[in-house]
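In what follows, a single structure is set out as structure tokens and then discussed.
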Amino acid sequence: NDSVLLYNVTQHRVEMSRNPDQIRSIASITKLMTAMVTLDYDKDLSRRLMLSRAVHSHLPRQEYTREQLLNAMLIKSDNAAAETIAEDYPGGRTAFIATMNRYAFMWGMKRTQFVDPSGLGVFNVSTAKDVAEMVQVASGYWFISEASGKKQVAFETKYKKKIRTIRLDHTSGPLLFAFDNVIISKTGLTGSAGWCVG
């Protein structure tokens, strides 16, 4: 009983649809909205932030640029990167989530609700139809589009006074190897949401 919506953007028509209005958890597809709110709020991607301790991360706890955090979030689906970005927002995490929901309302995503910036919780919900709208809006953000096509990102980090390189593989790796011209892609997986792709 999955939900699917396959929309042909070129022809402006739905090619396939199954339960497109069913409300369900969307896991890390959430991070597309997190990225859009972040990029709209502050275009300075070089500003540095200390990685949040709120949730687990693939990165060592230290300062990262907003560009690095956005890449870690969109490419490796790093949850701490999403939390760090949300905590940096004027008014903090609560105001950030309120803005996510305001955007959803503004774009006509009537069956979508966000309660966290990462998608870890079960209460970030949407429908296939609403997710399709969000993906279409996200395709207008050059940074999101560029990150969607990267198979890997590498960061130099300091550890015990030594520089080491951390490589993060894209969670959409199989999709990127199968198709050459992916404009936007974001996957997600939680127990409640199951496998998600947007």
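The values are calculated or read from the model by the stated rules, or taken from the named source; none is laboratory data. Remember, predicted model here, so these are calculated numbers, not experimental data. Counting neighbours? That spans all protein chains shown, and the Cβs are built from the backbone with ideal geometry, glycine included. Note: areas computed on protein heavy atoms with side chains; ligands, DNA, RNA excluded. Shrake-Rupley method; radii C 1.70, N 1.55, O 1.52, S 1.80 Å.
Which of the residues spanning the stretch 28-56 are within 22 Å of Phe114 (Cβ to Cβ), open to solvent by 20 Å² or more (accessible area, probe 1.4 Å) and part of a loop (DSSP other than H, G, I, E, B)? Those that are within 22 Å of Phe114 (Cβ to Cβ), open to solvent by 20 Å² or more (accessible area, probe 1.4 Å) and part of a loop (DSSP other than H, G, I, E, B): Asp42, Arg53, Ala54, Val55, His56.
In the set (1) in contact with an Asp or Glu (Cβ under 6 Å, 6 or more places away or on another chain); (2) closer than 30 Å to Leu69 by Cα, Asn8 fails one condition alone, (2). For the stretch 57-66, the tally of residues that are touching a residue at least 40 places away in the same chain (Cβ under 8 Å) and either closer than 22 Å to Tyr141 by Cβ or open to solvent by 20 Å² or more (accessible area, probe 1.4 Å) (or both) stands at 4.
If you go through the stretch 88-100 and pick out every residue that is in contact (Cβ under 8 Å) with a residue 12 or more places away in the chain and either aliphatic (A, V, I, L, M) or surrounded by fewer than 16 Cβ atoms within 10 Å (Cβ to Cβ) (or both), you end up with 3. The single condition among (1) of a type in the set (S, T, N, Q); (2) over 20 Å from Ile26 (Cα atoms); (3) outside any helix (DSSP H, G or I) that Gln68 does not meet is (3).
Does Asn8 satisfy the condition of being at pLDDT below 95 and surrounded by 14 or more Cβ atoms within 10 Å (Cβ to Cβ)? Answer is no for this residue. If the condition is being of a type outside the set (Lys, Arg) and open to solvent by 60 Å² or more (accessible area, probe 1.4 Å), then the stretch 101-114 contributes Phe105, Met106, Gln113. Determine, yes or no, whether Ile23 is modelled with pLDDT under 95 and under 19 Å from Glu146 (Cα atoms). For Ile23, the condition - modelled with pLDDT under 95 and under 19 Å from Glu146 (Cα atoms) - is not met.
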